[in-house]
Amino acid sequence: MRDELLELTSALKNQIISEKESRNGLYSKLYIKGTSGALASAPVNAAANSKVDHISSVTLEDIEKELGDCKRCKLHDKRHHIVFGEGSPIADLVFVGEAPGRDEDMQGKPFVGRAGQLLTDIIKAMGVGRKDVYICNILKCRPPENRNPEPDEIAACEPFLIKQLEAIQPRVICAMGKFAAQTLLKTGTAISTLRGRFHSYHGIKLMPTYHPAYLLRNPGAKKQVWQDVQIIMEELKQKPKSGV
Ligand code: URA
């Protein structure tokens, strides 16, 4: 019994240490894990642990500047605007969708079409506004006819999302839809199985839920999204743990 307790304590300690390390080196770890070489020399923020000592050496403006008039993948050809993302640079909560649609491509802003209106309503129902959270996508350019993002497009774009998350250091990420959840979690598991509980995205709590566009087609699923959102709200009510 004593040995089992010791083993458990040691496993817990290791888990806490590894989560802290993940938080401290999110970009470097994610970068090493599987993105292309173009950003190898980008600065790494190893400092920020919590909102209190949030010191990011790379700002969202720096990242947007580095992205520039991006032509790293074929999607640049037909896009009207790059949709970088918008909201608070120190948001506790980041929403990640799939890719800009027609409205977003025309306006250069994420989630401004019909699905976007529903997302705005969800955010309001949480008691906050769009300016208090950060909203972005896996891809920053619209795929033609809103087709699914392709692997080379993700490979070109994901390093920038990783850097954005590193700069913001949110407490919770809400991955909206199968595509965002599966891409961030590197899994093929169905969204219906993933949703409803937190997963770890390199030490950050990640809640997969249904995409607002799916809710427009399947309003019955709003109940589950609301359940997921309530779990997020409960988590954000907790005081941030310093150093984790
Ligand atoms: N759908 C998405 O996934 N992202 C947007 O920005 C708009 C619609």
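Assorted remarks:
- Meets criteria (out of contact with any Pro (no Cβ under 6 Å at 6 or more places or on another chain), part of a strand (DSSP E or B) and at pLDDT 95 or above) for Phe95: yes
- Condition met for Gly97 (closer than 16 Å to Leu216 by Cβ and in contact (Cβ under 8 Å) with a residue 60 or more places away in the chain): yes
- Residue match in the range 151-171 (condition: of a type in the set (Gly, Ala, Ser), free of Cβ contacts under 8 Å to residues at least 40 places away in the same chain and touching a helix residue (DSSP H, G or I) at 6+ places or on another chain (Cβ under 6 Å)): no
- Highlighted here are the helices (runs of 4 or more DSSP H) found entirely within the range 143-243 that include at least 3 residues which are under 26 Å from Ser57 (Cβ atoms) and within 15 Å of the ligand (Cβ to nearest atom): 151-168.
- Among the residues of the range 68-86, those that are assigned to a loop (DSSP other than H, G, I, E, B) and more than 20 Å from the chain's Cα centre (by Cα) comprise Gly68, Asp69, Cys70, Lys71, Arg72, Cys73, Lys78, Arg79, His80, His81.
- Lys131 over 19 Å from Ile231 (Cα atoms), within 9 Å of the ligand (Cβ to nearest atom) and over 12 Å from the mean Cα position of the chain (by Cα): no
- Failed criterion for Arg79 (all others in (1) more than 11 Å from the ligand (Cβ to nearest atom); (2) of a type in the set (D, E, K, R); (3) under 25 Å from Leu206 (Cβ atoms) hold): (3)
- Sole residue being outside any helix (DSSP H, G or I), surrounded by fewer than 17 Cβ atoms within 10 Å (Cβ to Cβ), at pLDDT 50 or above and within 17 Å of the chain's Cα centre (by Cα), chosen from Pro100, Pro89, Pro110: Pro89
The values are calculated or read from the model by the stated rules, or taken from the named source; none is laboratory data. These figures come from a predicted structure and were not determined experimentally. Note that each Cβ is placed from the backbone with ideal geometry, even for glycine, and that neighbours are counted across all protein chains shown.
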